[in-house]
Amino acid sequence: CPMKIKDIPQKLADIRKEDRFRAVHDLRMVTASRGVDRRGKEYIVFNSNDYLGMTHEKEVEEAARRAVIYGTGSGGARLTSGAVFELSDLEKEIAHYKHKEDAVIFNTGYMTNLGVLYALAGPGDVIFSDALNHASIVDGCRISRATIKVYPHSDMEALEKLLRETACDGQRFIVTDGVFSMDGDVADLPGLVGLKEKYGALLIVDDAHATGVIGDTGRGTAEYYHMEGIDLQVGTLSKSLGTEGGFAAADRTITDYLRNCSRPFIFSTSISAITGATALAALKLLEGNPEKYMGALRRNTKYMKEGLHKAGISFLPGDTSIIPIVMGREEAAMEYAARCKERGILLSAIRPPSVPKGTSRIRLTVTAAHTREELDRALEVMAEEMKSIRHVR
């Protein structure tokens with residue numbers, strides 16, 4: 001049953017006791033890899049999703065300055081108040097980049113998953129969802145009113161068993177992250193495509209952490225495996241493209257349907273010309289010179305992983321710049337992150353419910369913008385603090 005107002009103080013006390021209390025800590029990014037707090041203390045940031053450092057690229061910042069003459073906001077929803085040119089231009093470029101007929105821009109990546117699943121799935125349909133999918137997918141499944149079947153993470157045998165044994169009068173959907181945000185591993189696209197074709201399902205892949213990160217030119221999961229077969233690609237503008245918003249790329253029939261039937265799209269004030277212009281500038285930079293950005297990201301990631309290995313710090317394997325260092329207990333992750341922060345290194349301590357109980361971790365993300373000196377400093381601090389925390393325990 002819903003939480004009663006009188007029970008909230010006790011619930012918060014329980015959250016604090018379990019080291020799961022969260023609070024907003026103000027940070028102003030002065031470069032793509034460094035931030036300052038309100039006291040003026042500077043940090044090297046390793047908990048950002050600005051994978052390619054686009055937030056501070058001169059061309060992207062200049063695009064924002066040029067677009068501000070069209071206003072700081074859009075003034076209304078796109079279907080009622082019209083839309084700035086930059087959003088339509090961005091949709092065309094995303095569709096081209098993702099090898100799809102069309103794309104639709106939403107206000108956030110989170111709202112994209114809600115908008116897609118709420119519009120496309122409903123009673124009589126069945127959604128097959130990976131157990132480690134992002135919260136936005138989980139919530140989109142819930143509000144769709146479709147039947148939900150959760151399969152163990154990347155377990156194709158279990159997924160096929162569910163597909164085979166679950167009756168469905170309507171449409172089957174398989175939905176998955178492309179790159180899983182807490183583990184950094186990549187979905188088994190060949191297995192998923194094979195199953196969606198065998199059982200007549202529609203495959204939705206959320207490439208939020210894959211776009212600009214994997215594939216020869218950063219096109220994401222499909223390019224990583226050198227194959228097609230994804231019916232609808234969801235993505236975000238807030239990570240590798242350095243701004244905010246989300247998108248869904250698919251055949252035009254699906255995108256036209258989303259524009260007409262997706263309530264989060266229809267009833268949300270659209271994002272501004274500034275946001276559209278900066279995302280478009282970032283995407284064109286990536287398309288024009290993927291080696292400059294992705295090459296730097298991969299070299300930095302390789303260097304960091306090698307340094308962590310030499311320091312004896314274990315991490316989960318993967319082909320992305322997400323490096324999970326599993327600490328186990330919530331308090332261990334919190335203490336380690338706090339120790340590193342005190343010395344100017346910002347890391348994310350990830351705890352339940354973001355990850356399963358007993359798998360609390362440090363989620364370290366490397367970006368293309370980190371300098372070799374910044375990586376070395378982080379490795380030095382992390383190695384020393386890991387030895388210290390192990391000695392204490």
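The values are calculated or read from the model by the stated rules, or taken from the named source; none is laboratory data. Because the structure is predicted, anything quoted here is derived from the model rather than measured. Note: ideal-geometry Cβ built from the backbone for every residue, glycine included; neighbour counts use all protein chains shown. Only protein heavy atoms, including side chains, enter the accessible area calculation; ligands, DNA and RNA are left aside. Shrake-Rupley method; radii C 1.70, N 1.55, O 1.52, S 1.80 Å.
Give the residue that is surrounded by the fewest Cβ atoms within 10 Å (Cβ to Cβ), with candidates limited to residues of region 220-241 that are under 18 Å from V104 (Cβ atoms) and among the polar types (S, T, N, Q). So, considering only residues that are under 18 Å from V104 (Cβ atoms) and among the polar types (S, T, N, Q), the one surrounded by the fewest Cβ atoms within 10 Å (Cβ to Cβ) is S238. State whether the residues of region 200-220 include one that is farther than 23 Å from H96 by Cα and either out of contact with any Leu (no Cβ under 7 Å at 6 or more places or on another chain) or not in a loop (DSSP other than H, G, I, E, B) (or both). Checked region 200-220: at least one residue is farther than 23 Å from H96 by Cα and either out of contact with any Leu (no Cβ under 7 Å at 6 or more places or on another chain) or not in a loop (DSSP other than H, G, I, E, B) (or both). Only one of the numbered conditions (1) in contact with a Gly (Cβ under 7 Å, 6 or more places away or on another chain); (2) more than 22 Å from N49 (Cα to Cα); (3) open to solvent by less than 20 Å² (accessible area, probe 1.4 Å) is not met by C141, and that is (1).
Identify all residues within region 11-33 that are of a type outside the set (A, V, I, L, M, F, W, C) and open to solvent by less than 70 Å² (accessible area, probe 1.4 Å); write none if there are none. Lay out the reasoning, then the answer.
In the first step, residues of region 11-33 are kept if they are of a type outside the set (A, V, I, L, M, F, W, C); the result is 11, 14, 16-20, 22, 25-26, 28, 31, 33.
D14, D19, R20, T31, S33 - these are the residues of region 11-33 that are of a type outside the set (A, V, I, L, M, F, W, C) and open to solvent by less than 70 Å² (accessible area, probe 1.4 Å).
Every residue, every condition in (1) small (G, A, S); (2) within 30 Å of V60 (Cβ to Cβ); (3) outside any loop (DSSP other than H, G, I, E, B), yes or no:
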{"site": "K6", "(1), (2), (3)": "no, no, yes"}
{"site": "P9", "(1), (2), (3)": "no, no, yes"}
{"site": "I15", "(1), (2), (3)": "no, no, yes"}
{"site": "F21", "(1), (2), (3)": "no, no, no"}
{"site": "H25", "(1), (2), (3)": "no, yes, no"}
{"site": "A32", "(1), (2), (3)": "yes, yes, no"}
{"site": "G35", "(1), (2), (3)": "yes, yes, yes"}
{"site": "G40", "(1), (2), (3)": "yes, yes, no"}
{"site": "Y43", "(1), (2), (3)": "no, yes, yes"}
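Yes or no: region 249-263 includes at least one residue that is open to solvent by 30 Å² or more (accessible area, probe 1.4 Å) and free of Cβ contacts under 8 Å to residues at least 60 places away in the same chain. Yes - at least one qualifying residue is present in region 249-263.
Scanning region 38-56 for residues that are touching a Leu at 6+ places or on another chain (Cβ under 8 Å) and either among the β-branched types (V, I, T) or within 23 Å of S354 (Cβ to Cβ) (or both) yields Y43, I44, V45, F46, N47, Y51.
Just one residue in the set D169, D139, D125, D155 is more than 21 Å from E197 (Cβ to Cβ) and not aromatic (F, W, Y); that residue is D139.
For every residue, the table says whether it meets (1) on the phi < 0 side of the Ramachandran plot; (2) basic (K, R); (3) open to solvent by 10 Å² or more (accessible area, probe 1.4 Å); (4) in a loop (DSSP other than H, G, I, E, B).
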residue	(1), (2), (3), (4)
V104	yes, no, no, no
M111	yes, no, yes, no
L117	yes, no, no, no
P123	yes, no, yes, yes
S129	yes, no, no, no
A167	yes, no, yes, yes
I174	yes, no, no, no
K196	yes, yes, yes, no
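Between A333, A337, the distinction of being of a type in the set (A, V, I, L, M) and modelled with pLDDT of 95 or more belongs to A337 only.
When region 68-82 is filtered for residues that are hydrophobic (A, V, I, L, M, F, W, C) and under 26 Å from the mean Cα position of the chain (by Cα), only A77 remains. Pairs linking a residue in region 66-83 that is within 11 Å of A273 (Cα to Cα) and in a helix (DSSP H, G or I) to a residue that is open to solvent by 70 Å² or more (accessible area, probe 1.4 Å) and not small (G, A, S), with Cβ atoms under 9 Å and 6 or more positions apart or on different chains, are Y70/F85.
So, R372, is that one at pLDDT 95 or above and within 26 Å of R34 (Cβ to Cβ) or not? It is true that R372 is at pLDDT 95 or above and within 26 Å of R34 (Cβ to Cβ). Taking the criterion of being of a type outside the set (A, V, I, L, M, F, W, C) and buried (at least 16 other Cβ atoms within 10 Å of the Cβ), the residues of region 34-69 that qualify are R34, G35, Y43, N47, S48, N49, D50, Y51, G53, T55, H56, E57. For residues that are within 17 Å of L203 (Cα to Cα) and over 21 Å from the mean Cα position of the chain (by Cα), scanning just region 145-156, find the one that is least open to solvent (accessible area, probe 1.4 Å). Selected residue: A146. With respect to the conditions (1) more than 24 Å from D50 (Cα to Cα); (2) outside any helix (DSSP H, G or I), E244 lacks only one, and its number is (1).
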